[in-house]
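Here, each number is a calculation from the coordinates, and none is a lab measurement. The shown structure was predicted, so the numbers you read here are calculated from the model rather than taken from an experiment. Methodologically, a virtual Cβ is constructed for each residue, glycine included, from the backbone with ideal geometry; neighbour enumeration extends over all protein chains shown.
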There are 4 protein chains.
Amino acid sequence: MKLWDKGFETDKNVEAFTVGKDYLLDMKLVPYDCKASIAHAEALCEKNLLSESEKSSLVSALKEIIALHKEGKFRINASDEDCHTAIENYLVKKCGDAGKKIHLGRSRNDQVMAALRLYEKEELSKIIKLVSLWKETAKKKSSEWSSIEMPGYTHMQRAMPSTAGTWIGSFAESAEDNLFLLNAALKLIDKNPLGSAAGFGVPVFDINGKTTASKLGFSSWFKNPLQVQLSRGKYESVIAEALSQVMFDINKFATDVVLFSTKEFGFVNLCDKLTTGSSIMPQKKNPDVAELLRAKYHAVIGEQFKIKSMTANLMSGYNRDLQLTKEPVMNMFDAASESVDAAILLLNGITINENACKQAMSPGIYATEEAYKLVKNGVPFRDAYKIVAEKFS
Amino acid sequence: MKLWDKGFETDKNVEAFTVGKDYLLDMKLVPYDCKASIAHAEALCEKNLLSESEKSSLVSALKEIIALHKEGKFRINASDEDCHTAIENYLVKKCGDAGKKIHLGRSRNDQVMAALRLYEKEELSKIIKLVSLWKETAKKKSSEWSSIEMPGYTHMQRAMPSTAGTWIGSFAESAEDNLFLLNAALKLIDKNPLGSAAGFGVPVFDINGKTTASKLGFSSWFKNPLQVQLSRGKYESVIAEALSQVMFDINKFATDVVLFSTKEFGFVNLCDKLTTGSSIMPQKKNPDVAELLRAKYHAVIGEQFKIKSMTANLMSGYNRDLQLTKEPVMNMFDAASESVDAAILLLNGITINENACKQAMSPGIYATEEAYKLVKNGVPFRDAYKIVAEKFS
Amino acid sequence: MKLWDKGFETDKNVEAFTVGKDYLLDMKLVPYDCKASIAHAEALCEKNLLSESEKSSLVSALKEIIALHKEGKFRINASDEDCHTAIENYLVKKCGDAGKKIHLGRSRNDQVMAALRLYEKEELSKIIKLVSLWKETAKKKSSEWSSIEMPGYTHMQRAMPSTAGTWIGSFAESAEDNLFLLNAALKLIDKNPLGSAAGFGVPVFDINGKTTASKLGFSSWFKNPLQVQLSRGKYESVIAEALSQVMFDINKFATDVVLFSTKEFGFVNLCDKLTTGSSIMPQKKNPDVAELLRAKYHAVIGEQFKIKSMTANLMSGYNRDLQLTKEPVMNMFDAASESVDAAILLLNGITINENACKQAMSPGIYATEEAYKLVKNGVPFRDAYKIVAEKFS
Amino acid sequence: MKLWDKGFETDKNVEAFTVGKDYLLDMKLVPYDCKASIAHAEALCEKNLLSESEKSSLVSALKEIIALHKEGKFRINASDEDCHTAIENYLVKKCGDAGKKIHLGRSRNDQVMAALRLYEKEELSKIIKLVSLWKETAKKKSSEWSSIEMPGYTHMQRAMPSTAGTWIGSFAESAEDNLFLLNAALKLIDKNPLGSAAGFGVPVFDINGKTTASKLGFSSWFKNPLQVQLSRGKYESVIAEALSQVMFDINKFATDVVLFSTKEFGFVNLCDKLTTGSSIMPQKKNPDVAELLRAKYHAVIGEQFKIKSMTANLMSGYNRDLQLTKEPVMNMFDAASESVDAAILLLNGITINENACKQAMSPGIYATEEAYKLVKNGVPFRDAYKIVAEKFS
């Protein structure tokens, strides 16, 4: 039964279309919705809108759901629409009238947002840990490989002397930037949406974002209730940007690994466990992990584009379109965590072929140095450049 | 067991990452892969590379799989990687040596492409039927509503007299364009990829695209085997474009319906079965179907962007990145069919509020007509325009 | 002076913002707008809404503008807003009352669309010629290089024996597909928008799309005037898709050239005229043309997504947002023509390094062939695969 | 003459293609490049690589260029490629051998980056000021309109009572978020790229990012020279995200204004100076400014996606593709500043039609309040909801 059930039957096709994948996606939100509902129940009780025993009954039922969900035993049916309804239905069944009181002072709009933002905060924290691990791994490799010479490339042409340590070290340094962006996103979204109801606040009762903010671990709350709706899509796009920056570095690392593990470059060896074979060519060892890492970046920016395009040209206040931003956000978090995981695996699974790197240090690579030595002897740089250029033409 | 199994164990995380969702997505490809394998087995038999009895054994096993799949009883395990491996493993188990011979003269690359293109052809045909139905429905409504006056809008401002019939008729006419594009996509992709193997043809044996083209219902085949790989992503983006055009019209129709069903416009009434309620506001009837239809367009163009971005900057020949274009294609077909379905439902569920439309025909709407009447009396248009403009300033 | 001047002054900043780059971009549309205006004047005359002498006066003034424009002497001032106004102002000045009559039976909406579609048809025809030339060039090279052995790659790993002819031939074949798509786009957009006025037809007078279609070389016209507005963005996105397919092939060709001209691959030599140097490294010869060709694809798909995103979630009928689709269309045509030009130049400027190609034909490349020979001797393929795989492990 | 001139003539078409619009776009970078060159010259002097008099001569020539540029008298020819070459050529001509020495210890790569990042910092600072002004304007209006009742909408349906002050106040609050993001972007990019040369540092001489960081006002510098190249596109996309968030709010504000200024809603009046007319319909006053603001958002996200797509799948180190990210960045900054400007103009040019707002406060809007009053009397919320819902069904 839906929260807004009005006695007429919905068309089955309409129901399937409007519910979409929500009843599946929402499995991820169940514990967050329960946490938010516990805080909301406590607040209602403090304001004497729930009795102590009603509150206790609701809180223990909500904890029950969290436990069931952990064991994979909590189900959301398509006819429930979403996790929020499934949970309220459970509460009504379990706690009677108390269940019918839990929705006082909130709307599904702010309820969804609260669960979503709690989920996003948790996922951001997870990815921050993963990116830190990636950074440490790259840093370690950078110092391990600091004396392995390798050509530096510009335009895919050998350019100047460099090292394998400098190469992998650039990703370690860049991970700092990504951590800065992930933390900025985390800080931005750390506002309590609960209490904004449908975007216009809670009438009659004195309930707003402040009521539950600290209970839910939010460091602040939305002063203007309509801004909560305005923030949907906005915050998600900022998260997307931070994730896409993480993916961008992995894309470049993966591109390098695929290239460096070709027979022609041969700078990098992949351990067997990281390669796959061909169904027709018995000799092949393919760098599929690296190729898929390269591709995943594009899947993430596609999701970001969906969010940015879908939420535009819509009037202020909630529009159902916003619902379809949920799947992109979840897709991106999943893609990012599995990709950072796999990138660390990949980095740990490669070795540098020092010989191949050395052989690639062809004379041209030292041309700038040569010109600079002429400069030391008093030749203006642009003239020194021309003298050396002639040698290589 | 993988087709390319080489005796060393793959890392479980690596396996999970590389297989991704393929073992789920591929459920859609099972019947197409079986059909392609039947054609391939027949061809091998004609070339004496399979005996009659081997062929018969393979063909009946493949038909078995099709039947099992129809009943939802064919499973692809994550350890199988994809449907192609699951099917070959089934054949080896069932037909012994014949099963080990089926992969002769093909690679998983052309096998995947054959199944995919057969699937795409079928899906395009389905969507063509749906769009035709949408067109017919819009046409019927257009003639039903041909005499219901309604303001024509530019810049969202009342502009000139029009009718509800003209409004909905524009979608009927535009559907013709969409059908043209869908048919063009269908024609473009109607080439047999089988026989191109890994992109460089089949050595030793005389097998190419021609061998199985007519058996598979393809009207032509790829002359250059490498072009098969080049076509991946290209053809999918062309399909995406046609589908996004279908979705664009639905986006506009849905945008109009949401607007026209506001209290302020009130031109359109939605039947109850097409609306949903609010969890907090008892009075609400929301046009969720229309809002979701509006949003789905953006989900589709996001998928199109993924395909276009993911396949670029890659060297010629197969790259594993291409695998990740499969999900976007399936997502788009699913989104498009359910959306056209829902759009027809929506169109059939609205009625025009003739009174509201009539009341909106305010005097300004006839200003151009007025100016034209002055022109009839000899006033140059630009002067007539100014005379009438003064009245409304 | 604007066409809709109402006597109050517009804010200068507002004017600058709303006019934007139109007065610059519209320089490209001047001749097309004149052609459309000539057809419109003739039609008005046939319907006795202009006298013979008025028509002649207008037609010769319009031809004057075309000639001035050719010599770079026709100016559009920012205060004119766009070319359409600049032209009407010129006509009023030159032909007096006849100039004030030219706008009868049309709106700037259909006038813009007519000029734009004529421009797009011309540009499509140009690009079709260029792509044909590209195809012929690739075909010629394909036969020239048909016996130069080169490894075929999958996953960027050497896979099977192939030739330089097969490589470049794949682009020749694919160009056929691109020509099919360009021609389909041309066919789709070949409908006369003039006569639809502001999207709701011409009142009082008997003027519609049929009136000027054949005069303007359109093979058909829009039956539903509102569809003209619906087609804006739609048709432009279809054009964009065809152009992006052309660019996609160039992107892949360029990616290959950059890779093949590395020291490590060395399959391709670039003639000096196609390379640029470095400001610091005297030895460098960089494949900038190829790199920029690779990048331009992304600029084009960015423009395509502007069009697709910008035109969505808008109600039926003209919205000023549509104006901003003009620049992306022009950007894409410019990028595509200069890129096909440069791609042909690049293809003519490379030579194949046969030796390097030959040396890259390492033994593994023949593994499939080897397995197939075992098959010829009766070993089932999957077993033969395993026997050969062992050799290379 | 190019910096890397090697004595052979470049093909004119190749030159035109590779230079592209750089010689135009770079006009914006001239003063920044001069500032960076002054700092670089001072550093070379401190390290005794330039004499005092050589430095003085260079510095005064660079100041000359800045002055010339201010007066619009500094020209970059297409044959100069870009501003960096034009400036070096000027210095050689003016300062002789000193001019030939200025490029010691840097590459065009880090030189471009330094100028670009200085430009971006300045532009970010400008936009931060504009957004602050927008915020203040919205805040002021929010308090002015705080007691004007207006329906709050969800699903574009009247939902709950709200005020015009809450509506516009949501943008003021959201501007805080945008300022946070702009400042985060500013902080992220505030690192000196100069000293990284071509991405692999400066050989022979002791020059790195630290050398010029404080002279240029950068608060830190890149420790890993290769990261400078990795940051290109990354930082620009982060800037793009912040700008697109600014544009998103404006998109929503503009969408509301267009809707609210329809005859049907009528909540908002636009002053005449903000509207434009129609060429055919004398009565029209169109909200073009708002429509164009709505559209510009999409132009900005299109540029963002160019950057994100174009820079992917490229190996580490400089690739010429990166050059094509310059135009998108400049386009976005221009679009954002003119849009914030116009949005402030628009906000100052609207008045609220209090009567129309009041009339739209239909009874349904108070349904939640009504239900809550039942709750006060002891009815559980979900039951109260049903009682009230019946009244409105």
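With the label put 7 angstrom out from Cα along the Cα-to-Cβ vector, D:D272 ends up 5.2, 6.9, 8.6 nm from the copy partners, going from closest to farthest.
When chain C is treated as a Gaussian network with alpha carbon springs shorter than 10 Å, the biggest mean-square fluctuation among C:F205, C:F218, C:F260 belongs to C:F205. Between this copy and the others, label points of D:A78 are 2.6, 5.8, 6.1 nm apart in ascending order, each placed 7 angstrom from Cα in the Cβ direction. Taken one residue at a time, the phi angles of the stretch D:88-103 give Karplus couplings (6.51, -1.76, 1.60, θ = phi - 60°) of 4, 4, 4, 5, 4, 5, 7, 10, x, 3, 4, x, 6, 9, 4, 7 Hz. Gly and Pro are set to x. In this structure the amide hydrogen of D:T163, modeled in the peptide plane, comes within under 5 Å of the amide hydrogens of D:M150, none closer than 5 places in sequence on its chain. A Cβ-based charge dipole, computed about the Cα centre of chain D with Lys and Arg at +1 and Asp and Glu at -1, lands at about 340 debye.
A Gaussian network model of chain A, with springs between Cα atoms under 10 Å, assigns the largest mean-square fluctuation among A:A61, A:A312, A:A185 to A:A312.
The spacing between the stretch D:100-126 and the stretch C:49-97, judged by their C-alpha centroids, is 47 Å. Here the protein assembly as shown is assigned +1 on the Cβ of each Lys and Arg and -1 on the Cβ of each Asp and Glu. Its dipole about the Cα centre then comes out at about 0 debye. Nearest beta carbon of chain C to the C-to-D rotation axis, with distance in whole angstrom: C:G302, 2. For B:K273, the aspartates and glutamates whose Cα falls under 18 Å of its own Cα, not counting residues fewer than eight places away in the same chain, are A:D5, A:E9, A:D11, A:E15, A:D80, A:E81, B:D288, B:E291, B:E338, B:D341, D:E390. For the stretch B:320-327, the Karplus equation 6.51 cos²θ - 1.76 cosθ + 1.60, evaluated at θ = phi - 60°, returns couplings of 4, 3, 4, 3, 6, 8, 5, 4 Hz by residue, with Gly and Pro reported as x.
Among C:D206, A:D80, D:D334, a tally of other beta-carbon atoms within 10 Å of each Cβ gives an order, fewest to most, of C:D206, D:D334, A:D80.
The long axis of helix D:288-310 is offset from the longest Cα principal axis of chain D by roughly 50 degrees.
Determine, from the Cβ-Cβ distance of A:S60 and D:S143 and an R0 of 41 Å, the FRET efficiency 1/(1 + (r/R0)^6), rounded to the nearest 0.05.
After rounding to 0.05, the efficiency reads 0.35.
With the label put 7 angstrom out from Cα along the Cα-to-Cβ vector, B:S147 ends up 5.4, 8.0, 9.6 nm from the copy partners, going from closest to farthest. Normalised by the number of residues in chain B, the average gap of Cα pairs under 8 Å and 6 or more apart makes the relative contact order 15 percent. Between the listed residues D:A240, D:F222, D:V258, the Cα displaced farthest toward the positive end of the dipole of the stretch D:187-334, a dipole computed from Cβ unit charges relative to the Cα centre, is found at D:F222. Note on the protein assembly as shown: antiparallel DSSP beta bridges, both residues inside, total approximately 85 percent of the bridges counted.
Could you work out the relative contact order of the stretch D:266-393? I mean the mean sequence separation of Cα pairs under 8 Å and 6+ apart, divided by the number of residues, in percent. Mind dumping the intermediate values first?
Numbers: 87 pairs, mean separation 37.5, N = 128.
Relative contact order of the stretch D:266-393: 29 percent.
Between the alpha-carbon centres of the stretch A:309-358 and the stretch D:251-297 there is a gap of 39 Å.
Remark on the stretch D:95-246: Rg and Dmax equal 22.6, 75 Å (Cα only). Mind checking which lysines have their Cα closer than 16 Å to the Cα of A:K252? Skip sequence neighbours fewer than 8 apart in that chain. Within reach: A:K135, A:K296, D:K234, D:K308.
For the stretch A:380-387, putting each phi into the Karplus relation 6.51 cos²θ - 1.76 cosθ + 1.60 with θ = phi - 60° gives couplings of x, 3, 5, 6, 4, 3, 5, 4 Hz, in residue order, rounded to whole numbers and with x for Gly and Pro.
In chain C, once you exclude exposed GluC sites (Glu not before Pro) (DSSP loop, at most 13 other Cβ within 10 angstrom), what's the longest stretch remaining?
Maximal segment without exposed cleavage sites: C:72-393.
For the stretch B:59-165, what is the charge dipole size about the Cα centre, in debye to the nearest 20, if Lys and Arg each add +1 at the Cβ and Asp and Glu each add -1 at the Cβ?
200 debye
Highest mobility in the GNM of chain B, judged by mean-square fluctuation with C-alpha springs under 10 Å and restricted to B:I87, B:I280, B:I128, is found for B:I280. Annotation: the residues C:D22, B:D249, sorted from fewest to most other C-beta atoms within 10 Å of their own C-beta, follow the order C:D22, B:D249. In this simple spin-label approximation, C:E46 and B:R75 carry label points 7 Å from Cα along the Cα→Cβ vector, and these lie 7.3 nm apart. Positive-end ranking of B:I87, B:M361, B:T325 along the dipole of chain B, with charges on Cβ about the Cα centre, is headed by B:M361.
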